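Quick notes on the structure that follows.
The values are calculated or read from the model by the stated rules, or taken from the named source; none is laboratory data. Since we're looking at a predicted model, the values are computed, not measured. Don't worry about glycine lacking a Cβ; one is built from the backbone with ideal geometry, like all the others, and counts go over all protein chains shown. Accessible surface areas use protein heavy atoms only, side chains included; no ligands, DNA or RNA. Shrake-Rupley method; radii C 1.70, N 1.55, O 1.52, S 1.80 Å.
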Amino acid sequence: GKANSVHGDGKLSRLTPGEELPDYFVYDPSNPVRTCGGNHILPLYYPRGPANQFEAEERMDVLVYSSEVLDQDIEITGPLSVKLFAASSAKDTDFTAKLVDVYPDGRAFNIADGILRARYRRGEAEPPSLIEPHAIIEYRIDLLSTSQVYKKGHRIRVEISSSNFPRWDRNPNTGELSHEAGRLTTAHQTIFHDSRYPSHILLPVIPR
């Protein structure tokens with residue numbers, strides 16, 4: 001219900017969700033989440049590779065979900081994806097997901113990330129289409145693959161937002177393509193995680 005920023009109440013758990021309240025944030029394309037780390041070829045003043053995500057995690061338009069402190073090492077090797085049940089006030093918008101490794105001292109380093117533009121939610125086999133504002137829609141966000149050992153004492157974290165700029169272009173939220181849009185407008189985003197709409201990240205955990 002209040003997973004906004006690292007100071008919120010977002011939890012990441014293996015338990016089946018019950019009747020949990022959704023989370024809300026406002027995506028303003030005139031003030032996007034700044035790219036910090038990741039697999040990109042942007043100028044050097046945008047850190048590449050692993051980078052502490054403290055700046056992004058202070059923002060109210062970033063939802064932060066953290067596990068409990070791990071009591072043993074966990075290896076994650078293989079493809080990653082996030083299934084997100086979300087609604088937006090816009091005709092078209094973006095949703096981003098980021099997998100993060102949280103160290104015992106609170107530093108949080110990105111492991112993998114991905115983005116999905118709502119109009120392309122049905123994949124390459126289907127033509128792009130705008131969404132119905134406020135309708136609850138299932139999105140699958142591809143985070144590609146990784147091989148990462150989360151050490152004992154660390155935490156697994158997932159961040160959900162709607163921008164990672166300039167690595168990915170901003171969605172103007174108007175239904176127009178980014179390079180054609182004559183204006184920008186805010187989008188009110190709702191993320192569901194309950195028994196009917198169980199948003200989750202799929203992690204390929206390797207048995208010990």
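General observations
- Counting only protein chain heavy atoms and rolling a 1.4 Å probe, the accessible areas of K98, K152 rank, largest first, as K152, K98.
- With eigenvalues of the C-alpha gyration tensor scaled by 5 and rooted, the chain, Å: 27, 20, 16
- Beta bridges by DSSP in the chain, antiparallel share as percent, to the nearest 5: 95
- Ranking K91, K2 by solvent-accessible area of protein heavy atoms (1.4 Å probe, all protein chains present), from largest to smallest, gives K2, K91.
- Contact order relative to length of segment 117-208, as percent, for alpha carbon pairs under 8 angstrom and 6 or more apart: 14
- With θ taken as phi - 60° and the Karplus curve 6.51 cos²θ - 1.76 cosθ + 1.60 applied, the whole-hertz 3J(HN,Hα) list for segment 60-65 is 7, 9, 10, 8, 10, 10 Hz, x standing for glycine and proline.
- Taking R196, R119, R48 and ordering them by how much accessible surface each has at a 1.4 Å probe, largest first, produces R196, R48, R119.
- Taking every protein chain into account, the 1.4 Å probe leaves R140 with about 140 Å² of accessible area, to the nearest ten.
- Normalising the Debye intensity of segment 1-95 to I(0), with uniform scatterers on Cα atoms only, and taking log10 at q = 0.10 Å⁻¹ returns -0.36.
- Accessible area of segment 94-174 divided out per residue, in Å², using a probe of 1.4 angstrom: 47
- If R0 equals 41 Å, the separation of the Cβ atoms of Q72 and V26 corresponds to a calculated FRET efficiency of about 0.60.
- Prolate/oblate/rounded label for segment 154-194 (Cα gyration tensor, a/c 1.5): oblate
- Relative contact order for the chain, counting Cα pairs under 8 Å that sit 6 or more residues apart, in percent: 33
- Excluding exposed DSSP-loop GluC sites (Glu not before Pro) (at most 16 other C-beta within 10 Å), longest clean stretch of the chain: 69-123
- Taking every protein chain into account, the 1.4 Å probe leaves D105 with about 100 Å² of accessible area, to the nearest ten.
- Couplings for segment 156-172, taken from phi via the Karplus curve 6.51 cos²θ - 1.76 cosθ + 1.60 with θ = phi - 60°, read 8, 10, 10, 10, 10, 8, 9, 7, 7, 10, x, 3, 10, 4, 6, 8, x Hz in order; Gly and Pro are left as x.
- Couplings 3J(HN,Hα) for segment 17-24, derived from phi with the Karplus relation 6.51 cos²θ - 1.76 cosθ + 1.60 (θ = phi - 60°), are x, x, 8, 8, 6, x, 10, 10 Hz, where x marks Gly and Pro.
- For segment 92-151, the Kirkwood estimate of hydrodynamic radius, built from reciprocal distances between every pair of different alpha carbons, is 13.7 Å.
- Pairs exceeding a 24 Å alpha-carbon distance, out of K2/K83; K11/K151; K11/K91; K2/K151: K11/K91; K2/K151.
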